[in-house]
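Report on the following structure.
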Amino acid sequence: MIDVKPHNRDKNYRIDSDSLFLKALGISNDAGDVKPNMYGKYRQVCRFVELFIERIERTQAVKQKRVKVLDIGSGKGYLTFAMYDQLTQAGLNPKIDGVDTRSEMVDLCNEAAQTSGFENLAFHNMKAADFVQGYYDAIVALHACDTATDDALFYGIRSKSKLIVCAPCCQHEVLVDLQKSETSNRKFISHGLFLQKQADLITDNSRVMLLRAQGYQVDVIDFVSTEHTQKNTLIAAIKKSKPSPKHFHEYEAYKKTFGFNGIKLESLMREAGLIRSE
Ligand SMILES: C[S@@+](CC[C@H](N)C(=O)[O-])C[C@H]1O[C@@H](n2cnc3c(N)ncnc32)[C@H](O)[C@@H]1O
C-alpha cells in the first residue's frame, strides 16, 4: 500500500506548496505559497496525481520498486514533476519522461529537473507520435492538444501499459464529420455549440470504447470543478484482460449510428494491426 502523506499548508492538497520543484516551475513563490494565478493548475495537478496514485496502487507496478511513467504533451512539466515527487515520496524510485513539441518548455523543464535534484526525470523535444522508447508502466496526458491524447492512449495500448490516465483537450476531427453527417442523431442539432459538445462527447466515448476493446477497465471522472477548467473530464484505464472483439463491434455500430468516420486512435490501432477488419 502506498503511503503518501498530505503535508501541505493547505491540507486539502497532497503536494507541499513549499516544494522546491513548485518554486522552480513558478507555481509557488519564494515564501512557499501557491501564486494566486496558479491555483487552478495546482488543484488540477494535485487531483490528477491523487487519482493516478489510487490506481497505480491497484496494479503490479507498485511491487516493482522502479515505476516508469511517460507524460505526453508535458508542457511546462507541472504534472510530470508532481508525479515524480509523489512517486518518490512513496518509495517507488520513478523513471519519468516528458515529451513536448515546444523546445523552450523542454529546456526549461530539464533545467528545473536539475535544480530540483530529480535525477531520473527527463524531457524530450519531439512529437508524441515520433517518440518510441519501449515500455512504460503508465502513460499520462493532461490537456495534450487535440489528437496528441490519441497518441498517448495508443502508446499505452500498443505497449500494454498497466495504467493510462488522460484528461483530453480540444478536439476537432469528429466535429468535421458531424457537420457533414446526415444521420437522424445529427439532424436535430442546429446550434454549433451543441454540435461541438456532441463531438467532444463522441470523441471521448470512442476513446473509452477502444480502450475497453483492448481489455482495459475504464473510469470516467469529472476530476476538478468547471470553475477551474472546462476540460475537466479524466479517463483512467487499467489493463485487466485480453482484447475483446465484442467491444470493438459495439464501437463500429456507434460510428454508424452517430455518423462519424472514426478517431485517430482507431487509425493508429489499425495501422499497428491491433484491429482486424472483418
Ligand atoms: C495545453 S498544454 C498542457 C501542458 C501540460 N500537460 C499541463 O497540463 O500543464 C498542451 C501541450 O501539448 C503539447 N503538444 C501538442 N501536440 C503535441 C504532440 N503532437 N506531441 C507532443 N506534444 C504536443 C504542446 O506543445 C503543449 O505544451
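Do the conditions hold for Ser206, that is, is it under 22 Å from Ala236 (Cα atoms), more than 16 Å from the ligand (Cβ to nearest atom), hydroxyl-bearing (Ser, Thr, Tyr) and in contact with a helix residue (DSSP H, G or I) (Cβ under 7 Å, 6 or more places away or on another chain)?
Yes: the conditions hold for Ser206.
Quick one: count up the residues across the range 40-69 that are away from the ligand (no atom under 14 Å from the Cβ), over 18 Å from Asn120 (Cβ atoms) and open to solvent by 20 Å² or more (accessible area, probe 1.4 Å).
Result for the range 40-69: 6.
Having 3 or more residues that are hydroxyl-bearing (Ser, Thr, Tyr) and closer than 20 Å to Cys109 by Cα is the bar; report the helices (runs of 4 or more DSSP H) wholly within the range 7-91 that clear it.
78-89
When you go through Val208, Val218 one by one, which is the residue that is open to solvent by less than 30 Å² (accessible area, probe 1.4 Å), modelled with pLDDT of 95 or more and outside any helix (DSSP H, G or I)?
Val218
It is to be established whether one or more residues within the range 180-191 are crowded, with 17+ Cβ neighbours inside 10 Å and either at pLDDT 90 or above or more than 18 Å from the chain's Cα centre (by Cα) (or both).
Yes.
Give the number of residues within the range 86-117 that are under 22 Å from Lys162 (Cα atoms) and either in contact with a helix residue (DSSP H, G or I) (Cβ under 6 Å, 6 or more places away or on another chain) or of a type in the set (Val, Ile, Thr) (or both).
Number of matching residues: 6.
For the range 110-148, name all the residues that are over 18 Å from Val69 (Cβ atoms), assigned to a loop (DSSP other than H, G, I, E, B) and of a type in the set (Val, Ile, Thr).
Correct list: Thr147 only.
So which pairs qualify, if the first residue must be in the range 31-49 and farther than 19 Å from Ala141 by Cβ and without any contact (Cβ under 8 Å) to a residue 24 or more places away in the chain, the second must be assigned to a loop (DSSP other than H, G, I, E, B) and acidic (Asp, Glu), the Cβ gap must be under 9 Å, and the two must be at least 6 apart or on different chains?
As it stands, the answer is Ala31/Asp18; Gly32/Asp16; Gly32/Asp18, since those pairs meet every condition given.
Kindly indicate which of Lys240, Lys264, Lys256 is at pLDDT 90 or above, more than 15 Å from Tyr155 (Cα to Cα), of a type in the set (D, E, K, R) and under 22 Å from the mean Cα position of the chain (by Cα).
That would be Lys240, the only listed residue that is at pLDDT 90 or above, more than 15 Å from Tyr155 (Cα to Cα), of a type in the set (D, E, K, R) and under 22 Å from the mean Cα position of the chain (by Cα).
Given the criterion surrounded by fewer than 23 Cβ atoms within 10 Å (Cβ to Cβ) and assigned to a strand (DSSP E or B), identify the matching residue among Asp107, Asp97.
Going through Asp107, Asp97 in turn, the sole match is Asp97.
Do you know which residues across the range 267-278 are modelled with pLDDT of 90 or more, open to solvent by 40 Å² or more (accessible area, probe 1.4 Å) and not charged (D, E, K, R)?
Ser267, Ala272, Gly273, Leu274
Which residue, of Phe260, Phe194, Phe248, is open to solvent by 70 Å² or more (accessible area, probe 1.4 Å) and of a type in the set (A, V, I, L, M, F, W, C)?
Phe194
Table: residues versus (1) within 19 Å of the chain's Cα centre (by Cα); (2) of a type in the set (Val, Ile, Thr).
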residue: Ser19; (1), (2): no, no
residue: Ile27; (1), (2): no, yes
residue: Gly32; (1), (2): no, no
residue: Pro36; (1), (2): no, no
residue: Glu50; (1), (2): yes, no
residue: Arg58; (1), (2): yes, no
residue: Val62; (1), (2): no, yes
residue: Ala82; (1), (2): yes, no
residue: Asp85; (1), (2): yes, no
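Would you pick out the residues in the range 63-84 that are more than 17 Å from His143 (Cα to Cα) and out of contact with any helix residue (DSSP H, G or I) (no Cβ under 6 Å at 6 or more places or on another chain)?
Lys63, Gln64, Lys65, Arg66, Lys68, Tyr84
All but one of (1) free of Cβ contacts under 8 Å to residues at least 40 places away in the same chain; (2) crowded, with 18+ Cβ neighbours inside 10 Å hold for Asp137; which doesn't?
Asp137 satisfies all of (1) free of Cβ contacts under 8 Å to residues at least 40 places away in the same chain; (2) crowded, with 18+ Cβ neighbours inside 10 Å except (1).
The values are calculated or read from the model by the stated rules, or taken from the named source; none is laboratory data. Everything quoted here is computed from the prediction, not taken from an experiment. Virtual Cβ from ideal backbone geometry, glycine too; neighbours counted across all protein chains shown. Ligands, DNA and RNA are excluded from the accessible area calculation, which covers all protein heavy atoms including side chains. Shrake-Rupley method; radii C 1.70, N 1.55, O 1.52, S 1.80 Å.
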